[in-house]
Every structure is written in structure tokens, then in C-alpha cells.
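Following: one structure in C-alpha cells, then a few remarks.
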């Protein structure tokens, strides 16, 4: 009687094992990718805000201490900037007061690029943020600052002082800009004066190329019904809309109501 040797067929089992390993590897990669994406979201939406908001608060404090420490005599020497800054943007030593509104040719020399030299306050939305010269992302906006468009008027001057700020991430100073209503107060503090503006009108949505909203007498070339016709001392605030996109621009216009020397 012949002894039969059992034959074990492993092909099907081997293929099944490979399929299980492939599925398991894919699942691990999916979990890892999900964790990485979650960390990126947390970094973008929480950590950048935390860093930028802290840097902006510190910058406001430095500006106010320097203004308070100035000699009372006009034109006196300004205190040197404090050491130990970590936000990377320079601080204004003594920004000259803006020219009186309505006086032809009384334009204040523009501060150096990326220089923090003013403080924007909007009580309606609880905003206090430093204003720096320029609208570069790395040097200004991503630090939680509000940026001043270089070719626009300075705060308090006749013309249009135009500012930009992030609506989401990096401090998001203009997160709630859409909540402003006509008559709301907007304050701009500089080393020489406090300028009080009153909100006049809001353009809820326009294209990024609608540059006439920053004109000395502002108007929208995309939405002609939004237009001012007389020269004045305007303040224009711009940010992206809808939230978490940069497809359109939200614009708020205000008009100077009073100037108080420091």
C-alpha cells in the first residue's frame, strides 16, 4: 500500500495575505495622512492666530509706551525702540502727526516699509491692532497687523487712507469686519493724534481688481451704485470674503469726524 503524501495548496492563502497586508498598509497611510492634515489645520487656524495675536498685542504695547515716554515739547527727541523684539517688524520711534484734514499739500511723509506706526481700534468688533506701512503678507499681514496701502493717504489726511487685514488665520484682525454698521466709530491712534472716523458705507462683495475703492474719492468700478462724489478724509478697510477664501473683497468706508492731538 502506497503512502500518500498530503499536498498543501498555498496560492490562494498567499494572495489573501498580500491583500490583507495591502489593505492594512493603506489604512495606516490614510490615518497618518489624516493626522498630518489635522495638524496643518490646527496650525493654520489656531497656532498662527495665537502667535499673531500675541505679537500684535505686544506691538501695540510698545507703541503706546514709546508715545507716552516722548518729551512733552513738540519736536523733542523720541525714545529709542525697546530691545528684545521678536516679531521681526520695526517699531515707529516717533511718527509725525498727520497733516490737518482739508489742507492742500499737507501730506505726511510715509513711514518706512513694514514699520508699525499706528494703532487701529474698532469698538464695535473689539479690535485693537497695530498698523504698519505696506501690505506684504510675510512682513505685515501674517503678523496680525493691519497694513497701510503705501500710495494712499496717511490717517487724518484729506484723501483716502486705505488699510488691509486678514479675515481668517494669522491673527484675523478683520474677522468681523462685516458687522460694522453706518455710524460705528473707528479710531486711528498715532504718535501725534487720535483720528476718529465714522463708518459711512459697506460694500459686501467686489472683485480683487476693483482698485477704485482705494481712490482719493472712493468708488466701485464694479458696482457703480457704491460711490462717493466729494473730496473728504476717508478711511477704507478691506479684507477677503467669504470667510476662508480670497475670491472677493469686503470693503468698509468711513469718514473723518474729529482729530485730537496727543
Taking only the range 166-190 into account, find how many residues are over 18 Å from the mean Cα position of the chain (by Cα) and either assigned to a strand (DSSP E or B) or farther than 17 Å from residue 241 by Cβ (or both).
5
(1) surrounded by fewer than 19 Cβ atoms within 10 Å (Cβ to Cβ); (2) touching a strand residue (DSSP E or B) at 6+ places or on another chain (Cβ under 8 Å); (3) at pLDDT 55 or above; (4) more than 22 Å from residue 211 (Cβ to Cβ): which one isn't true of residue 129, the others all being true?
(1)
Name every residue in the range 148-165 that is in a strand (DSSP E or B) and surrounded by 24 or more Cβ atoms within 10 Å (Cβ to Cβ), in order of residue number.
148, 161, 162, 163
From 178, 184, which residue is surrounded by fewer than 20 Cβ atoms within 10 Å (Cβ to Cβ) and touching a helix residue (DSSP H, G or I) at 6+ places or on another chain (Cβ under 7 Å)?
184
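Each row is one residue, and each column tells you yes or no for (1) surrounded by fewer than 19 Cβ atoms within 10 Å (Cβ to Cβ); (2) in contact with a strand residue (DSSP E or B) (Cβ under 7 Å, 6 or more places away or on another chain); (3) assigned to a loop (DSSP other than H, G, I, E, B); (4) modelled with pLDDT of 95 or more.
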position: 216; (1), (2), (3), (4): yes, yes, yes, yes
position: 231; (1), (2), (3), (4): yes, no, yes, yes
position: 234; (1), (2), (3), (4): no, yes, no, yes
position: 238; (1), (2), (3), (4): no, yes, no, yes
position: 260; (1), (2), (3), (4): yes, yes, no, yes
Positions within the range 103-145 being free of Cβ contacts under 8 Å to residues at least 40 places away in the same chain and part of a strand (DSSP E or B), in sequence order
133, 134
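The values are calculated or read from the model by the stated rules, or taken from the named source; none is laboratory data. On a predicted model such as this, the values are computed, not experimentally measured, just so you know. Positions of Cβ are backbone-derived with ideal geometry, glycine not excepted, and every protein chain shown enters the neighbour counts.
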